[in-house]
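Reading through the structure tokens given below for one structure.
The values are calculated or read from the model by the stated rules, or taken from the named source; none is laboratory data. Since this is a predicted model, take the numbers as computed values, not measurements. Neighbour counts run over all protein chains shown; Cβ positions are idealised from the backbone, glycine included. Calculation scope for accessible area: heavy atoms of the full protein, side chains included, ligands and nucleic acids excluded. Shrake-Rupley method; radii C 1.70, N 1.55, O 1.52, S 1.80 Å.
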Amino acid sequence: MPQIQPPDRQQLTFMNKLDDMVAPDHPVRLLDAIVDRIIGTDPAPFDHLEATGTVGRRGYSASCLIKLLLYGYIEGISSSRKLQAEAARNIELIWLLSGLEPSYKVIADYRKDYPEQIERVNRG
């Protein structure tokens, strides 16, 4: 009996834009807009990155980490390690974070060190 044959993995395919892969009415777009609006109206409380010279890697913005944590809460993902994995494989989350992939340590440290920023957005 004939079977449906999968395409060759070595075949070149044309990729869509990342924006095309998330529906225009998807809830993740609303989450993105809400967090941007809350942080945009009063950015001072979310400025947690200090300029400590030119050594080391730049930090992730509060906006990026808050979006990641809120997405995790909505989807029932509370583990920092699971959020790290989702940020690398989930198209919605890749779109939300614009391709950034914070490590589990960065996520856990942000949650521990800046609870007032997360609380401010939740009240927002």
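One line per residue, one yes/no per condition, for (1) open to solvent by less than 60 Å² (accessible area, probe 1.4 Å); (2) modelled with pLDDT of 95 or more; (3) under 10 Å from the mean Cα position of the chain (by Cα); (4) farther than 26 Å from M15 by Cβ:
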| residue | (1), (2), (3), (4) |
| --- | --- |
| T54 | no, no, no, yes |
| A62 | yes, no, no, yes |
| L68 | yes, yes, yes, no |
| S78 | no, no, no, yes |
| Q84 | no, yes, yes, no |
| D109 | yes, no, no, yes |
| R123 | no, no, no, yes |
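Which of the residues that make up the stretch 1-28 are assigned to a helix (DSSP H, G or I) and without any contact (Cβ under 8 Å) to a residue 60 or more places away in the chain?
Here is the first cut: in the stretch 1-28, the residues assigned to a helix (DSSP H, G or I) are 18-21, 27-28.
D20, P27, listed by residue number.
Within the stretch 90-107, the set of residues being open to solvent by less than 60 Å² (accessible area, probe 1.4 Å) and among the hydrophobic types (A, V, I, L, M, F, W, C) comprises L93, I94, W95, L96, L97, V106, I107.
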